[in-house]
Amino acid sequence: MPALAALRDLMEGVIPSTVATCAPDGTPNVSYVSQLHYVDEAHVALSFQFFSKTRANILANPRATVLALHPETGAQYRFDLEYLRTETRGPLFERMKAKLAGIASHEGMSGVFRLQGSDVYRVLGIERVPGGELALPPRPSLLPAVREVIERLVRCTDLAALLDELLSALDTSLRIHHAMVLLTEGDGDRLYTVASRGYEHSGVGSEIGFGDGVIGVAAQARTPVRITHATVEYSYGRAVREHAQAHGMTDALTPQIPFPGLAESGSQLAVPISAASQLIGVLYVESPDEQRFRYDDEDALVAIAASLALAIRLLQQGVEHDDDTQASASPSPSPAGTAVTIRHYAGHDSVFVDDDYLIKGVAGAILWKLLREHADGRRSEFTNRELRLDPAIRLPELSENLEARLILLQRRLAERCASIRIDKTGRGRFRLAVTRPLRLVEIAAAVTPAQPRA
Amino acid sequence: MSEPVSASTLLDAETIEFVTRRVSLTVAGRGPGNRPSSARGCGCRVTPDGRRMTVFVSRPQAAALLHDIEAHGAIAVAFSRPTTHRTMQFKGSDAQVLPLAPGDAQLVSAFVGSFVVELSPLGHSAPFVHAVLGARPEDLAAIAFTPSDGYAQTPGPGAGARLPGR
């Protein structure tokens with residue numbers, strides 16, 4: 001029997017497969033199935049979309065025969081299957097649901113194809129049906145590229161460099177030109193973009209809710225989600241808009257930083273970044289081309305995300321140890337020029353530079369603390385440790401990555417505010433550089449709508 | 001007493017036209033212990049009155065199916081047109097494996113040609129279609145049966161509905 005993993009390209013849903021079953025009285029039935037999905041070396045799943053004769057038959061008599069075509073070579077395979085169970089939620093279901101949405105969009109069947117369940121089958125046998133076969137163009141192994149990416153990751157000694165190196169390595173070694181890293185918010189129902197590459201606007205600081213689009217579903221179900229034909233159902237314009245509406249966040253005090261994704265995405269792949277069973281974030285890649293990412297690319301990204309997760313955790317621990325350094329109290333030079341007004345809304349820590357929205361949440365609270373201390377005592381040197389210990393910043397306890405918040409803040413400042421800069425001065429230490437006089441305006445929480453802190 | 005119908009209402013002229021060109025077709029049978037068998041078909045003809053349908057398969061691709069049909073006569077055939085997703089299934093219980101009639105090899109060749117035309121806008125080449133359906137004439141087998149049931153299977157709310165007929 002051929003190894004199932006070697007036949008995964010058959011299971012991309014480009015050409016529908018057919019499934020034959022028999023009723024208890026022996027009457028055969030054959031129907032088309034949108035998705036034959038690789039589960040593992042011993043199992044496949046078929047998409048259950050409509051209550052049908054196939055469904056009635058497998059519940060009474062679990063044997064099924066599937067005919068599938070390789071979409072490029074035309075090689076035909078026959079799968080001898082035994083129905084085991086139907087999953088209606090969880091990782092497998094979410095993967096198939098997203099993939100089906102892509103297939104439906106490609107086939108002009110959006111709104112018609114809808115996954116009711118993932119029917120899981122044991123593979124009893126696989127037969128190469130005698131017949132012709134076209135030669136495939138040679139496809140080089142992705143392993144050397146994966147090795148190159150991982151070797152670059154393991155050399156990084158701080159988080160900002162790690163993220164930049166990852167995106168650069170994906171670009172050069174795997175030719176993935178549009179990618180971003182999102183990290184979880186402490187409370188664990190949202191993600192924020194901390195680094196991106198290949199977009200007109202970096203989108204650093206933009207947020208995605210769990211369950212929204214390919215990225216949100218990958219985070220929620222903790223599983224890679226891959227779409228070979230992009231679909232409106234999983235598009236981000238829509239996801240972000242709906243999330244904002246659902247959470248009543250259309251008010252002017254928390255403007256949304258636009259998500260950086262491609263306007264015309266053809267293929268999308270989101271891979272969870274996790275270590276020690278804890279979700280750290282999501283690595284997301286996309287391409288304007290359809291069918292750009294195959295199962296093999298998913299394997300490659302999963303391996304890279306695993307290395308990335310460990311590197312993030314190790315660097316985080318390193319920073320904790322180095323945090324003990326005391327910040328020097330050297331005064332910074334007096335800034336000159338016209339004053340910039342910085343407004344801080346205490347309700348959800350949103351910060352505006354003159355009239356432009358800059359940042360909110362934990363990163364907003366950090367910036368406000370730095371600016372206040374800078375104004376009070378002309379201090380410019382700070383440590384991660386003092387931020388971590390400051391009750392005003394209220395870092396969420398679990399899995400909080402202070403370093404990531406600082407990168408986010410540093411990048412938003414670099415993009416949006418020419419007069420304030422954050423420079424790293426060593427592990428766990430940084431300097432606040434202010435080049436113009438600042439007028440700090442605190443606006444009390446009562447002014448803002450009641451809202452939980454992001 | 002109603003008049004006996006002169007032609008099958010299951011397979012009217014339009015349906016006959018649908019099943020005989022530009023469709024993908026899959027044939028299923030019933031094996032020992034109610035295990036299904038299946039093979040891809042590479043052509044179909046229907047008598048003008050719609051009462052008898054003949055589908056063609058490649059013997060090397062359909063060994064188990066042909067064996068099962070000879071043993072039980074139970075058959076199901078699904079037809080689907082890739083560009084429109086229109087899908088229908090017909091079933092019968094009197095299927096027989098027969099030798100090819102004169103003209104059948106040419107009919108199969110024309111059917112494969114029509115499928116090349118159908119798949120071209122979807123990005124599949126003629127060599128691809130020939131790799132899938134290109135059986136040697138001497139390998140072809142004909143399976144003939146009387147369609148006794150038909151079902152609409154086009155994806156959507158009406159999928160699975162029995163076609164009006166006898």
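The values are calculated or read from the model by the stated rules, or taken from the named source; none is laboratory data. Here the structure is a predicted model, which is why all the values come from computation and not from measurement. Positions of Cβ are backbone-derived with ideal geometry, glycine not excepted, and every protein chain shown enters the neighbour counts.
For A:His70, the conditions (1) within 14 Å of another protein chain (Cβ to nearest Cβ); (2) modelled with pLDDT under 90 all hold with the exception of (2).
Do we have A:Leu92 as assigned to a helix (DSSP H, G or I), among the aliphatic types (A, V, I, L, M), more than 9 Å from chain B (Cβ to nearest Cβ) and surrounded by fewer than 21 Cβ atoms within 10 Å (Cβ to Cβ) here? Yes, satisfied. Apart from one condition, A:Cys22 fits all of (1) under 21 Å from B:Thr26 (Cβ atoms); (2) more than 9 Å from chain B (Cβ to nearest Cβ); (3) more than 34 Å from the chain's Cα centre (by Cα); the exception is (2). Screening B:Val129, B:Val57, B:Val97, B:Val112 for residues that are at pLDDT below 95 and out of contact with any Lys or Arg (no Cβ under 6 Å at 6 or more places or on another chain) leaves exactly one candidate, B:Val129. Scanning segment A:25-43 for residues that are facing chain B (nearest Cβ under 8 Å) and among the aromatic types (Phe, Trp, Tyr) yields a total of 1.
A single entry from A:Leu134, A:Leu100 fulfils the requirement of being in contact (Cβ under 8 Å) with a residue 12 or more places away in the chain, under 23 Å from the mean Cα position of the chain (by Cα), closer than 28 Å to B:Ala131 by Cα and within 14 Å of another protein chain (Cβ to nearest Cβ): A:Leu100.
The single condition among (1) farther than 28 Å from A:Glu264 by Cβ; (2) at pLDDT 85 or above that A:Ala3 does not satisfy is (2).
Taking the criterion of being over 17 Å from A:Asp212 (Cβ atoms), charged (D, E, K, R) and either at pLDDT below 60 or buried (at least 22 other Cβ atoms within 10 Å of the Cβ) (or both), the only residue of segment A:223-277 that qualifies is A:Asp251. Give segment B:52-65 a look and list any residue that's over 12 Å from the mean Cα position of the chain (by Cα) and surrounded by fewer than 21 Cβ atoms within 10 Å (Cβ to Cβ), or say none. Across segment B:52-65, the qualifying residues are B:Arg59, B:Pro60, B:Ala63, B:Ala64. Would you please name the residue that is surrounded by the fewest Cβ atoms within 10 Å (Cβ to Cβ), looking only at residues in segment A:7-19 that are in a strand (DSSP E or B) and more than 7 Å from chain B (Cβ to nearest Cβ)? Filtering segment A:7-19 for residues that are in a strand (DSSP E or B) and more than 7 Å from chain B (Cβ to nearest Cβ), the one surrounded by the fewest Cβ atoms within 10 Å (Cβ to Cβ) comes out as A:Ser17.
Comparison of A:Thr65, A:Thr54 shows that the only residue that is part of a strand (DSSP E or B), facing another protein chain (nearest Cβ under 10 Å), under 28 Å from B:Gly158 (Cβ atoms) and among the hydroxyl-bearing types (Ser, Thr, Tyr) is A:Thr65.
Being in contact (Cβ under 8 Å) with a residue 40 or more places away in the chain and within 21 Å of B:Val23 (Cβ to Cβ) is a property that holds for A:Leu36. Restricting A:Phe51, A:Phe79 to residues that are among the aromatic types (Phe, Trp, Tyr), surrounded by fewer than 19 Cβ atoms within 10 Å (Cβ to Cβ) and out of contact with any Cys (no Cβ under 7 Å at 6 or more places or on another chain) narrows the list to A:Phe51. On the basis of being at pLDDT below 90 and touching a His at 6+ places or on another chain (Cβ under 7 Å), does A:Gly347 make the cut? No. More than 14 Å from the chain's Cα centre (by Cα) and either at positive phi or not assigned by TED's automatic domain parsing to the domain that holds A:Ile273 (or both): which single residue out of A:Gly198, A:Gly205 fits that description? Within the list A:Gly198, A:Gly205, the selection yields A:Gly198.
Residue count for segment B:53-76 satisfying the condition of being among the small types (Gly, Ala, Ser), in contact with a Cys (Cβ under 9 Å, 6 or more places away or on another chain) and either more than 9 Å from every other protein chain (Cβ to nearest Cβ) or in a helix (DSSP H, G or I) (or both): 0.
Residues in segment B:98-117 that are crowded, with 17+ Cβ neighbours inside 10 Å and within 16 Å of B:Arg40 (Cβ to Cβ): B:Val108, B:Phe111, B:Val112, B:Phe115, B:Val116. On the stretch given as segment A:425-441, residues that are at pLDDT 90 or above and either closer than 25 Å to A:Ser206 by Cβ or touching a helix residue (DSSP H, G or I) at 6+ places or on another chain (Cβ under 8 Å) (or both) total 5.
Summed over segment B:150-166, residues that are crowded, with 16+ Cβ neighbours inside 10 Å and either of a type in the set (Gly, Ala, Ser) or within 9 Å of chain A (Cβ to nearest Cβ) (or both) total 7. So, in segment A:23-45, of the ones that are under 20 Å from B:Ala159 (Cα atoms) and at pLDDT 95 or above, which residue ends up surrounded by the most Cβ atoms within 10 Å (Cβ to Cβ)? So, considering only residues that are under 20 Å from B:Ala159 (Cα atoms) and at pLDDT 95 or above, the one surrounded by the most Cβ atoms within 10 Å (Cβ to Cβ) is A:Pro28.
State yes or no: is A:Gly188 assigned by TED's automatic domain parsing to the domain that holds A:Arg294, part of a loop (DSSP other than H, G, I, E, B) and of a type in the set (Gly, Ala, Ser)? It is true that A:Gly188 is assigned by TED's automatic domain parsing to the domain that holds A:Arg294, part of a loop (DSSP other than H, G, I, E, B) and of a type in the set (Gly, Ala, Ser).
If I ask for residues that are in a strand (DSSP E or B) and touching an Asp or Glu at 6+ places or on another chain (Cβ under 9 Å), which ones from segment A:191-226 would you list? Answer for segment A:191-226, where residues must be in a strand (DSSP E or B) and touching an Asp or Glu at 6+ places or on another chain (Cβ under 9 Å): A:Leu191, A:Tyr192, A:Thr193, A:Ala195, A:Arg197, A:Glu207, A:Gly209, A:Val225, A:Arg226. For the condition at the interface with chain A (Cβ under 9 Å from one of its Cβ atoms), in a strand (DSSP E or B) and either without any contact (Cβ under 8 Å) to a residue 24 or more places away in the chain or hydrophobic (A, V, I, L, M, F, W, C) (or both), B:Val129 does not qualify. Residues of segment A:152-171 include none that is touching a strand residue (DSSP E or B) at 6+ places or on another chain (Cβ under 6 Å) and over 30 Å from A:Gly426 (Cβ atoms). Residue count for segment A:103-123 under the criterion of being hydrophobic (A, V, I, L, M, F, W, C) and at the interface with another protein chain (Cβ under 10 Å from one of its Cβ atoms): the result is 4.
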